[in-house]
Amino acid sequence: MELKIGTMLILEPTYTERLEKFRCKVLEQTDGVIYIDYPVNTITKKTAFLIDGAQFRVTFNNESKQSFAFNTEVLGRKAGNIPMIMLAYPQDEEVIKIQRREYVRVETPVDIAVEYDGVFTQFIAADISAGGVLLNLREAVNFSDGDTVHLTIVLPYMNGEIRYVQTDALVVRIFERDERTFASMQFTDTDDLDKQYVVRFCFERQLQIRKKELNESL
């Protein structure tokens, strides 16, 4: 996918606990590289000086207002009348279209510990988003619709890093489907950093699923 010159990009650091976003524009593009102007912090409005090798998640909209995302790395700088920063631009299959719903659910197994009324139980989620999870209930539980439980979510990333997200969640509905029992849960107090961890995890899993589908179609 070729980016139009002038396309606005939003950069979010991938491997950091600092919640930052930077805005920049595409000035040039060559094979595997996009050149941007120096990004500006969306909060402080100050120019950011990105370090070579720094990794980011990039989101942008095309002319049809469709949203896309990809992972990138700072490759270096290019001098000229307008100083530019070089970012790696992946192959088309690594550019993920973002659905327009607020939270995109990804069907992937996730280990989750549930605590309710002093009882801890381990489950595997059938899917996850930044807004909630769908738990596969393989045994009887002591909670029901409308209860609030505490979750510890294990998020393993592609680079081997593991994050543990803790949040309260509302049990929206317990139901049966295909002879299995599930609990739909909505996160109720996830802080911004933990939400960022979940969004990053979902994006990586989307990318893995897409690559697998492309390989199977060959």
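A short reminder: the numbers here are calculations on the coordinates, not readings from a lab. Keep in mind it's a predicted model, so treat the numbers as computed, not measured. So basically every Cβ, Gly included, is an ideal-geometry build from the backbone, and we count neighbours across all protein chains shown.
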Show me the ranking of peptides 185-194, 40-49, 1-10 by mean Cβ neighbours inside 10 Å, starting with the highest.
185-194, 1-10, 40-49
In vacuum, with every alpha carbon of segment 138-218 counted as one equal point scatterer, what does the Debye formula give for log10 I(q)/I(0) at q = 0.23 Å⁻¹? Two decimals, please.
-1.07
On a 0 to 90 degree scale, rounded to 10, what angle separates helix 192-217 from the longest Cα axis of the chain?
80 degrees
Treating only the Cβ atoms of Lys and Arg (+1) and Asp and Glu (-1) as charged, compute the dipole magnitude of segment 1-132 about its Cα centre; round to the nearest 20 debye.
780 debye
Correct choice for Rg and Dmax of the Cα atoms in Å that was computed from the model, options [x] 18.9, 64; [y] 17.3, 54; [z] 20.0, 67:
[z]
For a quick check, take a GNM of the chain with Cα springs below 10 Å and name the residue from R200, R105, R180 with the largest mean-square fluctuation.
R180
Normalising by the residue count of the chain, find the relative contact order in percent from Cα pairs under 8 Å and 6+ residues apart.
13 percent
Residues whose placed amide H lies under 5 Å from that of T14, excluding near-sequence neighbours:
Q55, F56, R57
About its Cα centre, how strong a charge dipole does segment 156-212 have in debye, to the nearest 20, once Lys and Arg get +1 and Asp and Glu get -1 at the Cβ?
440 debye
Anchor K97: aspartates and glutamates whose Cα lies under 19 Å away (excluding residues fewer than 8 positions away in-chain)
E2, E12, E63, E107, D127, E204, E213
